[in-house]
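Working notes for the structure below.
Nothing in this text is a laboratory measurement; each read-out follows from the coordinates by a stated rule. Computed from a prediction, not measured in an experiment: that's the story for all the values here. FYI the Cβ positions are ideal-geometry reconstructions off the backbone, even for glycines, and counts take in every protein chain you see.
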Amino acid sequence: MKSYITCFILTLTVLTSCKDVLEPTPYDIRIDDLTLKTAADAPLVRIGLYSAFRAMTSSVVIAGDFTADNIKHNGTFTSYQEFGTKQITSTNADVATFWAGVYQTNYVANFILERLPNVVSGITSDSRKTLTAEARFLRGLANFYGVYTFGDIPLVTTTDQATNRNIARSPKATVLAAVLADYQAALADLPDDSSTGAAYLSKRVVQAALARYYLYQKNWAQAETYATQVISSGKFTLVPDYNTIVNVNFTAESIFEVGYTQNDDPGTLNTLFVSRREVIPSDQIVIALNSTESGTRVATIAFNVAQQQGNDNGWTVKKYGTAIEGNANIVVFRLAEMYLIRAEARAQLGKLVGANSAVEDLTVLRTRAKAVAVTAAAQADVLLAIERERQYELAFEGHRWYDLVRTGRAQAVMSAFSPNWSSRFEVWPIPQSEILRNPALQGAQNPGY
Amino acid sequence: MRKFYSVIIWSVLLTILPGYLWAQGQRITGRVTSAQDGQTLPGVNIVVKGTTNGVSTDANGAYSIVIPNGNATLVFTSIGLNTQEVAVGNRSVVNVIMQEALNELSQVVVTGYNTTQRKDITGSIASISSEKFKDIPVTSLDQALQGQAAGVQVTQSSGTPGGGLTVRVRGNTSISASNRPLFIVDGVQVQNGSLTTGYGGQNDNALALLNPNDIESIQVLKDASAKAIYGSRAANGVVLITTKRGKANQKTTITADVQRGLTDIVKRPSLLNSTQLLDLQREAVTNAGQDPDKLGLIKGVTDGVNTNWLDMILRKGVYQQYQVSAQGGTDRTRFYLSGNYRDEEGVLLNNRFSRMSGTMTIDHNATAKLSFGSNITVSRAVNKRVLGDNALNGVYSGATRSLPYYAPYNEQGQLYGPSDANYAGFPNFNPVGEAVLPRQNVLTTKMLGGVYVQYEFLPNLRFRSKASIDYNSIIEDIYDPTGTAVGGYDTSVGQQGYGEYNTSLAATFTSTNTLTYNTLINEKHRISALGGVEVIKRTNRSGSTIGKYFPSNDFTYITSAGVVNAGSSALVYSGLFSGFGEVKYDYKEKYLVTATGRYDGSSRFGPNRQFGFFPSGSVAWRISEEEFLSKTSFLNDLKVRASYGFTGNEQIGNFLFLGTWAATTYSGSSGLGPAALANPNLQWERTREANVGIDASFFNGRLSATLDAYDNLTDKLLFNQPIPLTSGFGAVQGNIGKISNKGIELTITTVNIDSKGLRWSTDLNLSRNENKVVELATTEPLFAGYQASGATATNVVLPGQPLGTFWGLKFLGVDPATGNAIYDDKNGDGRITPDDAQVIGNAQPKLFGGFTNRLSYKGFDLSVFFQFSYGNHVMNLTKQTSVNTGSSLNFNQSTDALKRWQKEGDITSVPRYIYENTYNNYLSSRFVEDGSYVRLKNVTLGYNVPKTWVSKVKLSGIRVFASATNIWTFTKYSGPDPELSTLDGSTTAQGIDFNTLPQVKNMMVGLTATF
C-alpha cells in the first residue's frame, strides 16, 4: 500500500505514469499464469510439447551409440572423451543434458494435463482429446528413455515446484507401469493417422512404441502383435535405397521423426559427427558396415583419406547433415525397426524360418540393403543375426547400447571393445548436480559411480 | 500553488531569520588578480558574508558590489583558488590578490545532485581533475581513473584500442550481477560496459564514445553517505563526471590541441624458431616411444621454413588526436564548444579505432531568478575489430600458437586459407588471413543531450528540472570471406562466406526535478536540504540478420547471401521511479551531520519487492576548528568523519522475477515453450556500508592526507540459483549469499618545493581491499572461468575465499628422476584426479595505487606517473599451450620450454616433454604466477613558450609536450604483460592470460595553442 501512495505522489510531481515505467509491457515472453488459459494457446503449447521432446532425441543417440561400441573419441571435449574411453562420470555434461530432457518433456506434458481441463470453451473435444493423448504419450516415451538410461528415476506427475524439487527415485517397474498407462491412454485418443506427417503423433506411433516397450519387457507375443499392426497398416513402406535413409528427412518409412528447419536446427549431432568430428565411427562399426551382410548400409559412414592419420581412421558418420542439406531430423521410430522387433519376437517365440518367421523379416531388410542372404537357422544364431542386423540398420539412431543391455550381451561385447568397460555402465550415473540439489536423491547414486 | 509555497516559505524565513533586513548601502569596486602571474581573474564569485548578495568579476577581473554597511566582509571564491575573506572597513575600492589553492579544501565538489566545498564533505569522495590525465592519451574516461584515486582499481583487459576495462570501486560486491560502477555525466546516467560481444573475450567499451578532453573533473563516490542518493544503482560506487563549461565574464578563449604518436606492444612473448621447435617435438615423440620421422618431423625438411608469426601480424600503430575548443561567457550567458577527432591504429593488422565528437554547452541567466541551459554531445566511432584471444582463429592468439614451419603466403603471394594442403590444419588458422580478410566493423553513434531550467523562488530556494537522453546506436557489420575459419572452414556455416548485420539501440531517458534550500542561522547553524524525484526510462532495441552461402567474396552484404536463415529483433523497456533527499547540518563548520536517502522503484523486480529504501547517515568533526587547536599553526585542517548506510544493485536482466513462456518452434511451426520460473520475491542486492575517515591538511596545505577505512557487506546476492532438473528447470533467479569487502585507503598530496619558480609536488594513493565470499546458499562448488584438463575449471567461488580465486592442482615440482610433474595428492587416495584440485591463488591485489611527481620550472613541466599492483596472481593459461609438455604438437612453444627436464638429475620447473601425454600439463599452480607490477604509466615533459614570444604571433599561449605511456614495467611475471584479463568484465574469473594481447606503449608529441 505504501508503495502505491509513493507512486501516486511521484506521479503528481513528474507527470509520468508510475505503471508505465515500473511495469513495462514485456515483449516476446508470455507470463506463466496466462499460458493455456484460453483455447487459443492449445496449439501453441502443443508445439512447445513436441519441441521439448525433440530436445532430448539427440541425447538418446548419444546414450545409445556413444555408450556402446559404435564410436571413438577424436576431439577435445571431456564428456565425449569419457564416452570414448568408457570412463563415464556423474559430472558428464551429456548425462545432465539427457536428464534435463526427460524432465523438461515431463514439465510441459504435466502443464498441459493440469491446465487443459480448465480451458472450458473454444476447443473441440477432439482437439482436447488429441492434445491430452499427445502429452501423455510423449511423457511416457520420455520416461521410457529415462528409465532404461538411468534405472530407477523420479516419477514426476505434477508441475508443483515444491514436490518436484524434493523427489525420490521410483522403482523401475513403477515408472514402466506409468509409461504403459500413458501409452494406452494415448492409443485410445490419438487419430489413426497423423494428418501432418511423421513429425506428429498418431495411433501408429503408439503402436510402434508399444512394440518396442514389449520387446524390452520380453513380452514377445505383444511385441509381435504391435509390430505387425504397424507393418500391416500399409501406411509406411521401406524406401528402396538405403541412401535415402541416410540423406533425406521424412522418408516413406518414417513413423515418428522430430523435425528441424534451418531456423531452429541446433546442429548438435552434425557438429559432433561432421563439423568437429568430435566422435568418429569405431573401427568395429566401420568393419561391420563394410561387410557383405551390411550391404548398402555402409552409406551410414563415409571415408576421406585426407583425414586418416594417427588415431583418426578417416571415417565420418553421415546420418545427420545440416538443415540446409535436408537431413537434420532425428528419427524416433521407422518401419525397419518394426521388422527387427518382429523378427526378434518371432525368433524368441521359435518362429525361426519359413513364412511369418524371423528370417523372413530379416530378409526384407537384407534385400533392401542388397546384402547377402541370412544363413542362420538355429535360434541362437538367428538372435545374433538380429543383433548384427540392428547394428547395420540402426547405427547412430540411438539403439545399440539399449539393445546390448536388454539382451544381456553388454558385458560380453563391451569388455571385448574396451578394457575400461564395467558392468556399472549398463546404466548411466544420476547427474552429480541432481544429487547435490535434490535432498531426496542424496546417497541414491547408481552403484559404482 | 506557487503563491501558496511562497507564503509558507516566507513565513518560515521570517520566523527564523529575524535579523536580516535589506538596506541600501555602499558600493564597493575592485579588481581581482592572480598571485602567481599577476593576471586579472575573471569569474571570481564575491559574496557579502552572511548574505546571499553576490556578484562575479568580469573579463577584466573587475567587480562592483553594494554592501549594507561598512562592517561587511567580502568572501571571494573561485574554483582552484583559496577562498579569501576581506573586511571592507571603510574602503570603497577593494583589490584582492588570490592564491592558487594548494589544499583543495575550498574546492567545489559535485556530490550527486548537489555541490559542496571539500571541507564540508562528510562522506568519502575522491576527486580527479582533468589536469591529472590531460597529457595521457586515454581513449575513455574510465582509463583516466587508473592509478589516480584510492579505492578505484582499473585494469585494462588488453592492448586493444577502445577496448574493455575493469573498473572496481572498493572491490566486487556481486557474483552474477554487474560490478561496474554507475557512471553519471552532468547528472545523467550513461551507458557503460561492452556494446557488442563475440570477439573472443576482448570487448569494446561504451565509455570510449565520450571524449575525455571535454571533462573538467571526475569525482568517485565511495561510501554510503556519498552514494546513497543513487540508491539501488550505487553499490558498486558512483563516478560523477563534470564536463567543461564556460565561466561568467570570461574572455573567449580558443584552444587547439594536436597530438601525434606511435604505439607498439609493450613486450613480445619469446617463442621458439623452427629448428628449436623441431628438436623439442622430436624429443617429445621419442619420449613417447614413437618415431618422429613417421609423424613427418624430419630435420632439414620440416624446419625448412621459419616464420616469425608475431612479425606477420604486429605493427607500430599511428596515434593522432586533434581538438579545438572554445569557451567564454558574459555575465548572463556562458558557453563551451569543442570538436575532437581521434584515430588510433591497433598494433594488430587491420585493427583501428577512430572517433569524432562534438560538444556544445550553453548556460543562460534569463532573469536574476530564472536560468536555463543545455548540453549536447554527439560522437561517432568506427571500430575496426579483429578477433581476440579466446578464439582458435584469433589474430594475436593465432600468431603465438602457429607453427613456424608454415608461412602465411604461398609462392604467388596469396594467403593460405583453411584446409589448404600446404598449411597446418585445424586447430591452426592463418592469423594473417584472420586479421586482414574479415570485415568486422562496429559503428557507434552517441547522442548525449539535456536541457535544464532553474528557478530561484526565494534566495537560496531553488527548483531545478532537467531532462536528458543518452542515446547509443550500434551497427555491427561483419563479413567473413571463404579464406577465414568462420566463412570457409565450418561446415555448419556452409564454407561459402558468412555475413552478419546487427543493430542495437540503447537509450536512457532521465528526468530529474530537485528543490534545494540552504540557510545560515545566526551565523552558526547552516542547513542545506535537497529533495527530488527522478524517472529513468531505458529502451533497448536490437536486431540481427545472418547470411550464408555467398556467391563469391566480391559479394559481402547479406543482400547477396544464398541463405538468410537467422534473424531477430527485440524490444525491452525498463525503468526506475525514485524519490530522494538529503539534509545537511553544520554548527560553525565544526560539527557536521548529513542524512541521505533514496526510495527506488524498479521494473526489474517482482511486485512484492519492487520498492527499496536506501538510507545513510554521516557525521564529521572538524577538530581544527576547535579552540584548543587554533594555536597549532602547522595544522590547517583536521576532520574526522564516519558514515553508515545502505546501497543496492539492480544490474540484472529484465523480467527475471516472472515465470515465462517464450516462442519456440517445431518442424516449421511456432508455439510456446517454458522459459523461466517465477520468483515474485526477487529483490535488490543490498550492501551495508560503514566508513571512517580522516582528512588532514598541514603547513598551509603543503601536506594533505586522507585516510579511509571501510567495512562493507553485501547480502541478498542476485544469483541464478541451481535447482533440481526434475522441476523442469535448471535454475531460478534468487537472492542468496553474502560477500564482504573491507579495506583501507590512503591519499597523500605534498608540495615538496615551491620557491623561486621551482615547484615540485607529489601525489600518492594506496589502497587495500579484502574481498571475501562469506556465504553461499548452495553446497555445490561453483566453478567459473575455463574448463581445464586435470581440474574442473580455472576458477571457483568458495565461501571464505575472494572472488577471482584460481583453482587447480598444486604443482610441487618436477621429479628429477623421471622428469614428470609432481602434484599434491590432496585427498591422499594415491591418484591425481580433479578431486585433488585446490585453491592455488587469486587475482585480487593486496595493495594497489599510483604515485605521481610533478616538477615545474620557468615554463617547463615534467610529470612522472607510476601505477602499481602488488600481491595479485595471474593465471598464465597461455603456458598450457605454449609450455604444453608435448600434449599436442599443433602449437609453437615458448622459450621457457628450453628449460625442460631432459635427463635424470635435471633440476627444473618445466616437466619432461612427452607426446600426447596430458598429465604433465594438468591445470596446476605451475601456471599461477605473481602478477605484481610497477609500471611507469606516463612521463610527460612540457614547455610553455614564453608569453613575450607568443604574443608576437597573436596567441595567448603555446605549450609543446612529449608524452610516453606504458614505457617501463617491473614485474616477475613471465608473460609479456601482467595487466590483462582474457575474460574482460568477468568478476569470478579475472586475471587470466590466455594469449591475450599485451598493453601497448604510446610515444607521442603534442602542441596546445591558446588564442
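For the reader, a short list of remarks on this structure follows.
- The calculated pair-distance distribution of the protein assembly as shown uses every alpha carbon pair, bins of 20 angstrom beginning at 0, and gives 8, 32, 33, 18, 7, 1, 0 percent.
- Among B:191-199, B:952-960, the peptide with the highest mean count of other Cβ atoms within 10 Å heads the list, and the full ranking is B:191-199, B:952-960.
- The Cβ shell under 13 Å around A:VAL332 holds other residues with a net charge of 0, Lys and Arg each +1, Asp and Glu each -1.
- With both residues required to sit in chain B, DSSP beta bridges show an antiparallel share near 95%.
- Here is the list for region B:725-777: trypsin sites (Lys or Arg not before Pro) lying in DSSP coil, each with at most 10 other C-beta atoms within 10 angstrom of its C-beta, are B:LYS756.
- Rounded if a/c under 1.5, otherwise prolate or oblate - region B:141-284, Cα gyration tensor axes: oblate
- Calculated from backbone phi, Karplus (6.51, -1.76, 1.60) coupling profile of region B:228-243 in Hz, x at Gly/Pro: 4, 5, 9, x, 6, 10, 9, 4, 8, x, 10, 10, 9, 10, 10, 8
- Average partner coverage of A:26-38, which counts Cβ from other chains inside 10 Å: 6
- Amide H contacts under 5 Å for B:SER888: B:GLU916, restricted to partners 5 or more places along the chain or on a different chain, H placed in the peptide plane at 1.01 Å from N.
- Amide H within-cut-off set for B:LEU782, under 5 Å, with H built and near neighbours excluded: B:VAL797
- Once backbone amide H atoms are built at 1.01 Å from N, B:TYR823 has B:LEU812 as its partners under 5 Å, excluding neighbours fewer than 5 places away on the same chain.
- Shielding by other protein chains, B:595-603, mean Cβ within 10 Å: 2
- Computed over chain A, relative contact order equals 20 percent, with contacts defined as Cα pairs under 8 Å that lie 6+ residues apart.
- Calculated on the alpha-carbon coordinates, the convex hull of region B:24-101 measures out at 76 cubic angstrom per residue.
- Radius 10 Å from Cβ of B:ASP470, net charge of other residues (Lys, Arg +1; Asp, Glu -1): +2
- Sorted largest first, the spans of the alpha carbon positions of region A:201-272 along the three principal axes are 42, 26, 21 Å.
- Hz values of 3J(HN,Hα) by residue in region B:366-376 - Karplus curve (6.51, -1.76, 1.60), Gly and Pro given as x: 6, 9, 4, 9, 9, 9, 8, x, 8, 9, 9
- Rounded to the nearest 10 degrees, the inclination of helix A:42-61 to the longest alpha-carbon principal axis of chain A is 40 degrees.
- Evaluated on region A:42-405, the Kirkwood hydrodynamic radius is 21.1 Å, with distances taken between all distinct Cα atoms.
- Label-to-label distance for B:THR252 and B:THR29 is 2.6 nm, based on points extended 7 Å past Cα in the beta-carbon direction.
- Taking the longest Cα principal axis of chain B as reference, the axis of helix B:274-287 is set at about 60 degrees.
- A Gaussian network model of chain A, with springs between Cα atoms under 10 Å, assigns the largest mean-square fluctuation among A:GLU426, A:GLU344, A:GLU434 to A:GLU434.
- Placing pseudo-labels 7 Å out from each Cα toward the beta carbon at B:MET356 and B:ASP835 gives an inter-label distance of 6.5 nm.
- The packing ranking of peptides B:262-271, B:803-812, highest mean first, is B:803-812, B:262-271, where packing means the average number of other beta carbon atoms within 10 angstrom of each residue.
- Positive end of the dipole of chain B (Cβ unit charges, origin at the Cα centre): among B:ALA326, B:GLY648, B:PRO181, the Cα lying farthest that way belongs to B:ALA326.
- Spatial separation of Cα centroids for region B:729-770 and region B:289-334, in angstrom: 33
- Pairs of alpha carbons in chain B separated by more than 60 Å make up 14% of all such pairs.
- The relative contact order of region B:24-101, computed from alpha carbon pairs under 8 Å that lie at least 6 residues apart in sequence, is 37 percent.
- Per-residue Karplus couplings for region B:338-346, computed as 6.51 cos²θ - 1.76 cosθ + 1.60 with θ equal to phi - 60°, are listed in order as 8, x, 9, 10, 10, 9, 10, 7, x Hz, Gly and Pro entered as x.
- Whole-Å distance, taken between Cα centres, linking region A:18-36 and region B:805-860: 48
- √(5λ) per eigenvalue of the Cα gyration tensor, region A:11-110, largest first, Å: 44, 20, 10
- Applying the criteria of a DSSP loop state and at most 11 other Cβ atoms within 10 Å to the chymotrypsin sites (Phe, Trp or Tyr not before Pro) of region B:624-677 yields B:PHE634.
- Cα-based shape type of region B:746-867, given that a ≥ b ≥ c are square roots of the gyration tensor eigenvalues and the cut on a/c is 1.5: prolate
- Tilt relative to chain B, helix B:2-16 - C-alpha long axis, 0 to 90 degrees, to 10: 70
- Cα gyration tensor shape of region B:367-467, rounded if a/c is under 1.5, else prolate or oblate by comparing a/b with b/c: prolate
- Per-residue average of Cβ from other chains inside 10 Å of A:430-442: 3
- Förster-model FRET efficiency, 30 Å R0, B:GLU780 and B:ALA709, C-beta, rounded to 0.05: 0.30
- By average C-beta atoms within 10 angstrom, highest first, the peptides A:326-334, A:247-255: A:326-334, A:247-255
- Take every Cα pair under 8 Å whose residues are at least 6 apart in sequence, average their separation, divide by the length of chain B, and the relative contact order is 11 percent.
- Share antiparallel - DSSP beta bridges, the protein assembly as shown, percent rounded to 5: 95
- Counted by neighbouring Cβ atoms within 10 Å, the residues B:ASP825, A:ASP65 run from fewest to most as B:ASP825, A:ASP65.
- For region A:275-304 versus region A:45-84, the inter-centroid distance based on Cα atoms is 18 Å.
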